[in-house]
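Asks: One structure, as structure tokens, below. Some questions next.
The values are calculated or read from the model by the stated rules, or taken from the named source; none is laboratory data. Here the structure is a predicted model, which means the values were calculated and not measured. Glycine gets a Cβ as well: all are built from the backbone with ideal geometry, and neighbour counts include every protein chain shown.
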Ligand code: SF4
């Protein structure tokens with residue numbers, strides 16, 4: 001079991017639910033734009049976000065951002081310890097640094113001291129591109145062993161300043177190397193682990209790589225908080241992270257969406273309809289499994305464990321609940337009617353729970 005670290009009121013590690021993180025891709029100096037994106041991330045289910053602090057202007061902007069943000073904001077710092085100190089003073093909920101490149105032990109101690117004073121954790125962020133050249137040469141290339149050693153060396157630098165409120169990440173763009181490295185790290189210490197595949201790629205490629213890398217580790221019980229890294233809208237990172245957690249039953253609640261792959265029986269434009277329904281229901285606050293199936297022959301049966309669904313016919317859909325057909329929906333109004341039915345069932349279920 002890992003230790004518990006508190007990030008702005010959200011506990012990471014120690015058997016707490018796996019927390020979803022993302023990172024803003026707005027300019028941090030653009031306070032309104034950054035806050036608007038944080039709101040979208042929060043609405044999508046993000047627990048903690050991170051902003052980059054490349055200069056003092058960004059560190060200054062963090063004051064207002066962290067004050068108004070609905071979720072804890074982590075400050076991402078490279079090289080300059082003064083930015084880390086400013087971010088800690090300006091409301092960051094956690095600081096992400098590589099202790100090996102922040103300017104030496106004295107400067108690292110100054111960062112650690114202010115974080116300690118304010119109860120802020122530090123994430124030791126090491127990735128395959130930043131490991132010590134000597135370690136790469138010693139092992140004949142980047143591997144799980146030297147990645148782990150590099151991260152532990154960085155952790156030790158911080159521990160030497162008498163600081164242990166630590167989260168560790170050791171990312172690589174290779175899911176295989178990520179898996180091997182985190183397996184080693186989870187045996188080597190009990191600090192909470194921030195798991196992710198870095199520079200994973202675009203929406204499709206990056207989601208697959210992240211699902212393999214993060215999913216494998218989570219299935220083995222490794223990982224306390226995750227970030228899916230995608231080249232795109234960070235909100236998609238949150239959706240992908242939620243899907244990974246749901247696939248492993250590590251996240252319950254919310255809409256679980258299932259849809260069939262379509263086949264020669266499909267007589268409705270199911271792909272468009274499924275996409276539209278998914279975008280309209282996926283953020284609803286109900287604990288429901290929703291199924292969009294291509295045909296009435298197999299659909300309701302194949303989706304028997306769903307709460308509610310539709311199955312395509314010819315110019316119409318069958319609405320079903322728990323595998324039982326309820327009524328028909330006309331093709332042209334099916335999406336609107338179905339979304340209304342999902343809301344109705346969600347409300348019914350919620351009021352039953354409340355009573
Ligand atoms: Fe094909 Fe029907 Fe199965 Fe969809 S539910 S894959 S349309 S048989």
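Asks: Which of the residues spanning segment 182-202 are surrounded by fewer than 16 Cβ atoms within 10 Å (Cβ to Cβ) and touching a helix residue (DSSP H, G or I) at 6+ places or on another chain (Cβ under 7 Å)?
Replies: Listed by number, the list holds a single entry, 188.
Asks: Go through the residues of segment 258-267 one by one and say whether even a single one is closer than 28 Å to residue 349 by Cα and touching a helix residue (DSSP H, G or I) at 6+ places or on another chain (Cβ under 7 Å). Steps first, please.
Replies: First pass over segment 258-267, keeping only residues closer than 28 Å to residue 349 by Cα: 258-260.
Next cut, touching a helix residue (DSSP H, G or I) at 6+ places or on another chain (Cβ under 7 Å) only: 259-260.
Looking through segment 258-267, at least one residue is closer than 28 Å to residue 349 by Cα and touching a helix residue (DSSP H, G or I) at 6+ places or on another chain (Cβ under 7 Å).
Asks: Let me ask something else about it. Does residue 206 satisfy the criteria of being in a loop (DSSP other than H, G, I, E, B) and either buried (at least 21 other Cβ atoms within 10 Å of the Cβ) or not assigned by TED's automatic domain parsing to the domain that holds residue 101 (or both)?
Replies: Working: in a loop (DSSP other than H, G, I, E, B): no; either buried (at least 21 other Cβ atoms within 10 Å of the Cβ) or not assigned by TED's automatic domain parsing to the domain that holds residue 101 (or both): yes.
It is false that residue 206 is in a loop (DSSP other than H, G, I, E, B) and either buried (at least 21 other Cβ atoms within 10 Å of the Cβ) or not assigned by TED's automatic domain parsing to the domain that holds residue 101 (or both).
Asks: I've got another one for you. Filter segment 96-120 down to residues that are in contact with a helix residue (DSSP H, G or I) (Cβ under 7 Å, 6 or more places away or on another chain) and in a loop (DSSP other than H, G, I, E, B) and give me whichever is farthest from residue 147 (Cα to Cα).
Replies: So, considering only residues that are in contact with a helix residue (DSSP H, G or I) (Cβ under 7 Å, 6 or more places away or on another chain) and in a loop (DSSP other than H, G, I, E, B), the one farthest from residue 147 (Cα to Cα) is 120.
Asks: Sort out which residues of segment 301-313 are in contact with a strand residue (DSSP E or B) (Cβ under 6 Å, 6 or more places away or on another chain) and more than 9 Å from the ligand (Cβ to nearest atom), and write them in order of number.
Replies: Correct list: 306, 307, 308, 309, 310.
Asks: For residues that are in contact (Cβ under 8 Å) with a residue 60 or more places away in the chain and touching a helix residue (DSSP H, G or I) at 6+ places or on another chain (Cβ under 8 Å), tally how many sit in segment 325-355. Let's see the steps before the verdict.
Replies: Here is the first cut: in segment 325-355, the residues in contact (Cβ under 8 Å) with a residue 60 or more places away in the chain are 331, 334-335, 338-339, 342, 346-347, 349-350.
Now restrict to residues that are touching a helix residue (DSSP H, G or I) at 6+ places or on another chain (Cβ under 8 Å): 334-335, 338-339, 342.
Final tally of qualifying residues: 5.
Residue-by-condition table, conditions (1) at pLDDT below 95; (2) touching a helix residue (DSSP H, G or I) at 6+ places or on another chain (Cβ under 7 Å); (3) not assigned by TED's automatic domain parsing to the domain that holds residue 346:
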{"residue": "219", "(1), (2), (3)": "no, no, yes"}
{"residue": "223", "(1), (2), (3)": "no, yes, yes"}
{"residue": "228", "(1), (2), (3)": "no, yes, yes"}
{"residue": "238", "(1), (2), (3)": "no, yes, yes"}
{"residue": "241", "(1), (2), (3)": "no, no, yes"}
{"residue": "269", "(1), (2), (3)": "yes, no, no"}
{"residue": "303", "(1), (2), (3)": "yes, no, no"}
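Asks: Out of (1) more than 16 Å from the ligand (Cβ to nearest atom); (2) at pLDDT 90 or above; (3) touching a strand residue (DSSP E or B) at 6+ places or on another chain (Cβ under 7 Å), what's the single condition that is false for residue 276?
Replies: Just one mismatch for residue 276, condition (3).
Asks: Could you list all residues from segment 231-265 that are farther than 27 Å from residue 15 by Cα and away from the ligand (no atom under 16 Å from the Cβ)? Steps first, please.
Replies: Quick first cut of segment 231-265, residues farther than 27 Å from residue 15 by Cα only: 231-233, 258-265.
Those that are farther than 27 Å from residue 15 by Cα and away from the ligand (no atom under 16 Å from the Cβ): 231, 232, 233.
Asks: Further question: I'd like the full set of residues that are assigned to a helix (DSSP H, G or I), more than 18 Å from residue 227 (Cα to Cα) and at pLDDT below 95, limited to segment 1-43.
Replies: none
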